[in-house]
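The values are calculated or read from the model by the stated rules, or taken from the named source; none is laboratory data. Just so you know, these numbers come straight off a predicted model, no measurement behind them. All Cβ positions, glycine included, derive from the backbone under ideal geometry; neighbour counts span all protein chains shown. Accessible surface is based on the protein model in full, side chains and every heavy atom, while ligands, DNA and RNA are left aside. Shrake-Rupley method; radii C 1.70, N 1.55, O 1.52, S 1.80 Å.
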Amino acid sequence: MMNSKKIMLIFGLISGGISIILHFIQYYFNFQISVIERIIFVVLPVFFTIFAVFFGIYFSKKTEFSQMLKIGLGISLIGAIITAVYYVLFLKYGAPAGYLEHSMEMQLAQIQQQQPDISSEELSQIKMQMKESQTLMMQFNMTLIKNVFFGFFISLGSSAILKIIKKNKL
């Protein structure tokens with residue numbers, strides 16, 4: 001039987017590694033933000049995080065809800081840190097000049113398509129907010145917070161499901 005720290009590390013590495021691989025594929029093949037690609041590159045990392053957290057908790061063989069939640073959060077945190085560090089390193093050293101600006105322009109064009117009656121003041125305000133969030137520290141923090149936030153709810157749900165399964169011996 002593996003201890004909790006080893007399980008958190010292994011499944012956290014799986015979760016973070018899969019997120020990195022999917023980002024690399026998205027960047028390498030120059031995918032834009034269409035509906036199908038959103039499904040692939042937004043839903044799949046969430047699915048793999050659910051997979052990693054669920055099976056990490058399952059393989060830990062813990063029966064207390066708090067211990068199960070702790071393991072799930074540990075997996076999510078390790079995966080989030082790996083993903084956030086990769087993303088910052090990618091932005092600093094791997095991304096071509098203007099990568100974030102290009103992404104921002106694509107998002108603004110998409111906003112204009114979805115809301116053709118948006119005023120230029122509102123659009124410039126959105127652009128200003130996007131520029132403020134383009135610093136590496138902000139990208140790191142947003143990636144980390146987003147992943148840990150979703151990881152908490154994934155851990156909560158997985159722990160509850162496994163607790164019910166173990167209680168009913170299904």
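Some points to look at:
- All conditions but one from (1) surrounded by 10 or more Cβ atoms within 10 Å (Cβ to Cβ); (2) out of contact with any Lys or Arg (no Cβ under 9 Å at 6 or more places or on another chain); (3) not basic (K, R) apply to L108; the one that does not is (2).
- Test: residue in the range 161-168 that is hydrophobic (A, V, I, L, M, F, W, C), part of a helix (DSSP H, G or I), under 28 Å from G72 (Cβ atoms) and open to solvent by 80 Å² or more (accessible area, probe 1.4 Å): yes
- Selection of helices (runs of 4 or more DSSP H) fully inside the range 1-105 by the criterion of at least 3 residues being aliphatic (A, V, I, L, M), open to solvent by 30 Å² or more (accessible area, probe 1.4 Å) and within 16 Å of F152 (Cβ to Cβ) returns 65-89.
- Filter result (over 14 Å from the mean Cα position of the chain (by Cα) and over 17 Å from F150 (Cβ atoms)) within the range 71-93: L89, F90, L91, K92, Y93
- For L123, the stated conditions do not hold, so it cannot be described as within 24 Å of N3 (Cβ to Cβ), touching a helix residue (DSSP H, G or I) at 6+ places or on another chain (Cβ under 9 Å) and either in contact (Cβ under 8 Å) with a residue 12 or more places away in the chain or open to solvent by less than 40 Å² (accessible area, probe 1.4 Å) (or both).
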